[in-house]
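The values are calculated or read from the model by the stated rules, or taken from the named source; none is laboratory data. As the structure is a computational prediction, the values presented were derived from the model and not from experiment. Backbone-built Cβ (ideal geometry, glycine too); neighbour counts: all protein chains shown. Quick note on the areas: whole protein, heavy atoms, side chains included, nothing else; ligands and nucleic acids left out. Shrake-Rupley method; radii C 1.70, N 1.55, O 1.52, S 1.80 Å.
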Amino acid sequence: MVTQSSCHSLGWHARLAAQHQARRQHCDRPASQLEGSTTTTVREATYDLLRQLGLTTIFGNPGSTEETFLRNYPDDFRFILGLHEASVVAAADGYAQATRSAVVVSVHTAAGVSNAMGALMTAAQNRTPLILTAGQQTRDMLLLEPWLVNAEPDVLVKPWVKWSYQPVRPQDIPAAFMRAYAVALQPPAGPVFLSLPLDDWDAPSTVPLAVRTVATRVAPDPARLAEFAGWIAEAKHPVLVYGSDIARGAGWGPAITLAEKLGVPVWFAPASERPPFPENHPLYAGGLPFAQGLISEKLAGHDVVVVIGAPVFRYYPWVPGPYIPEGCRLLHITCDPDESGRAPVGDSLLSDAVLALEALAGLLPARTTHASVVTQAHRMAPHPAAESHVDESADGTPLTARQLFRILRAAAPQDTVLVEESPSNLADLHAEWPITEPDSFWTFASGALGWDLPAAVGIALAERDSGRNRPVLAVIGDGSLHYSIQALYTAAQHKLALTVVVPSNGEYAILKAFANFENCPGVPGLDIPGLKPSLLAAGYGATGVVASTAKEVHGALRDAWERDGPTLIEVPIDSSIPSLA
Ligand SMILES: Cc1ncc(C[n+]2csc(CCOP(=O)(O)OP(=O)(O)O)c2C)c(N)n1
Ligand SMILES: [Mg+2]
């Protein structure tokens with residue numbers, strides 16, 4: 001009998017070897033039996049299905065419970081290794097969004113899923129169709145909950161998946177993948193989860209499998225749409241609030257058409273993760289604030305607010321006040337019944353955002369007096385914020401964040417893709433770098449730090465795979481960098497065209513701003529002195545440099561664009577605490 005103490009004294013390697021031996025007995029038997037036969041295994045049927053669905057790039061971090069699936073990995077599949085699950089899931093998310101496709105992710109049983117949770121929460125709010133999978137312990141042992149078991153696999157991932165499932169028998173795995181794919185992609189798109197016992201893969205595949213296609217958009221109810229069009233047509237001072245679903249649906253064209261036809265201001269919904277409209281358009285009004293009372297101040301004077309492709313609303317700090325101005329009517333168009341269900345005000349219409357934009361533009365008459373001001377020349381006008389005064393000649397140090405971002409915009413190739421996770425500097429970055437092309441700016445919908453660096457890796461890979469080959473620049477705060485810094489390793493291994501600029505202020509500046517706002521003096525843990533991001537980058541195989549002056553930043557950027565592989569540029573910036581009031 002193995003006592004507890006003898007079990008503990010068994011070394012890690014010995015324990016693994018014993019496990020491995022047991023597993024080989026379990027796995028090899030059916031495999032060798034099948035070698036001479038024509039029976040398809042569950043593994044073969046699964047890879048065949050993934051191949052047919054075009055899902056041949058798997059992002060992952062393996063463990064013993066996944067190796068039985070990954071064994072003899074097919075040559076036509078690619079495995080993008082991440083060194084921590086936060087990076088694995090976020091890189092897959094960036095890649096899925098930038099390629100507008102579903103992506104398979106493989107992490108290690110309950111341990112890997114647990115590490116992945118922050119990034120999974122973000123993927124859910126980003127509406128990214130990830131098929132997250134994790135191996136599971138051997139079925140024979142599940143009842144007794146062995147080491148590294150995923151004890152409640154369908155529960156662990158909730159509430160951040162649309163569907164989670166552990167097939168009740170091995171032969172259901174391929175069909176479960178098919179269902180996972182369909183559920184992930186159909187609106188509202190989002191992650192799904194499959195738990196896959198490690199001893200299932202060599203079982204014969206006996207369930208007939210149909211490869212299916214699904215629609216990714218739902219059209220609006222025509223009667224409800226006509227009602228909405230009527231309310232908008234009757235409005236005296238309507239306003240549009242556009243959200244990220246428009247960007248996800250490649251809808252800048254229809255978004256511009258509707259705005260110009262109505263000739264009304266366009267606000268971005270609070271904390272939009274993807275810009276739905278060009279920021280240099282004369283009808284662009286800015287981003288709505290992130291707090292209840294402040295939003296109604298911005299929308300004052302409008303009698304109808306049309307929100308398309310965003311939650312009503314995304315809030316963060318508690319600023320009491322009415323949801324919308326007194327006497328105003330809110331019309332909410334979303335593809336997500338849950339999102340419309342939880343809106344505190346407004347009439348709702350379920351629809352794909354872009355289909356609704358197109359349909360409304362067809363139904364609504366032009367409001368000519370307003371629309372006539374919109375000419376091509378206006379459309380090309382620079383964003384007003386870009387004209388504000390910044391001393392570019394400043395050669396003093398440290399640079400301000402604003403000076404740094406002005407240098408970045410001027411020095412980066414025009415088509416550079418920008419990724420941002422630099423909390424206290426967001427306003428400065430937007431002011432200096434207006435987004436004027438679709439799919440050229442990315443950030444996260446959730447606020448869970450650690451998404452943007454690995455997402456930038458996935459986006460850079462997508463740029464290469466798609467042949468677009470735009471350079472990717474990620475601006476990542478010196479605090480934010482550490483939530484998934486190992487993504488640099490994946491970028492280095494794949495020699496990706498990624499430049500990471502770290503504005504280093506030695507603190508969690510945004511949390512100091514929140515401490516002021518919440519009247520909380522004396523909060524510990526808000527300073528992070530002594531970090532050396534450039535040295536850390538070198539350890540992951542990326543080039544790391546420090547650039548302090550404007551001239552040094554210019555030089556470092558020039559070198560970075562020419563380099564084969566990622567560069568991290570650490571830029572000391574002055575410490576300034578924004579006001580949230
Ligand atoms: C996973 C996670 N942990 C902690 C936080 C809380 N948080 C929000 S911003 C922030 C600091 C960010 O610091 P940095 O990247 O240096 O940006 P700065 O505020 O200095 O511009 C922290 C810790 C979070 N949002 N997500
Ligand atoms: Mg900082």
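Structure values in brief
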{"item": "Matching option when the condition is more than 16 Å from ligand 2 (Cβ to nearest atom) and in contact (Cβ under 8 Å) with a residue 24 or more places away in the chain, among Asp478, Asp465", "result": "Asp465"}
{"item": "Cross-chain or 6+ apart pairs with Cβ under 6 Å, the range 511-531 first and over 16 Å from Asn425 (Cα atoms), then assigned to a helix (DSSP H, G or I) and among the polar types (S, T, N, Q)", "result": "none"}
{"item": "All positions within the range 486-536 that are charged (D, E, K, R) and within 16 Å of ligand 2 (Cβ to nearest atom)", "result": "Glu507, Lys512, Asp527, Lys532"}
{"item": "Residue list for the range 400-415, filter: buried (at least 19 other Cβ atoms within 10 Å of the Cβ) and away from ligand 1 (no atom under 16 Å from the Cβ)", "result": "Arg406, Ile407, Ala412"}
{"item": "Flag for Leu496 being at pLDDT 95 or above, in contact with a helix residue (DSSP H, G or I) (Cβ under 9 Å, 6 or more places away or on another chain), of a type in the set (A, V, I, L, M) and within 16 Å of ligand 1 (Cβ to nearest atom)", "result": "no"}
{"item": "Residue ranges of helices (runs of 4 or more DSSP H) in the range 183-299 with at least 3 members open to solvent by less than 20 Å² (accessible area, probe 1.4 Å) and hydrophobic (A, V, I, L, M, F, W, C)", "result": "222-234, 252-262"}
{"item": "Qualifying residue in the range 470-484 (condition: more than 20 Å from His430 (Cβ to Cβ) and either β-branched (Val, Ile, Thr) or surrounded by fewer than 16 Cβ atoms within 10 Å (Cβ to Cβ) (or both))", "result": "no"}
{"item": "Residue list for the range 121-133, restricted to those being in a helix (DSSP H, G or I) and either in contact with an Asp or Glu (Cβ under 9 Å, 6 or more places away or on another chain) or within 16 Å of ligand 2 (Cβ to nearest atom) (or both)", "result": "Thr122, Ala123, Gln125, Asn126"}
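Per-residue answers, yes or no, for (1) loosely packed, with under 14 Cβ neighbours inside 10 Å; (2) out of contact with any strand residue (DSSP E or B) (no Cβ under 6 Å at 6 or more places or on another chain); (3) at pLDDT below 50; (4) part of a loop (DSSP other than H, G, I, E, B):
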site: Arg15; (1), (2), (3), (4): yes, yes, yes, no
site: Ala31; (1), (2), (3), (4): no, yes, yes, no
site: Ser37; (1), (2), (3), (4): yes, yes, no, yes
site: Ile58; (1), (2), (3), (4): no, no, no, no
site: Glu67; (1), (2), (3), (4): no, yes, no, no
site: Asp75; (1), (2), (3), (4): yes, yes, no, yes
site: Ile80; (1), (2), (3), (4): no, no, no, no
site: Ser87; (1), (2), (3), (4): no, yes, no, no
site: Ser101; (1), (2), (3), (4): no, yes, no, yes
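For every residue, the table says whether it meets (1) in contact (Cβ under 8 Å) with a residue 60 or more places away in the chain; (2) in contact with a strand residue (DSSP E or B) (Cβ under 9 Å, 6 or more places away or on another chain); (3) of a type in the set (Phe, Trp, Tyr); (4) within 16 Å of ligand 1 (Cβ to nearest atom).
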position	(1), (2), (3), (4)
Met121	yes, no, no, yes
Asn126	yes, no, no, yes
Pro174	yes, no, no, no
Gly190	yes, yes, no, no
Ser195	yes, yes, no, no
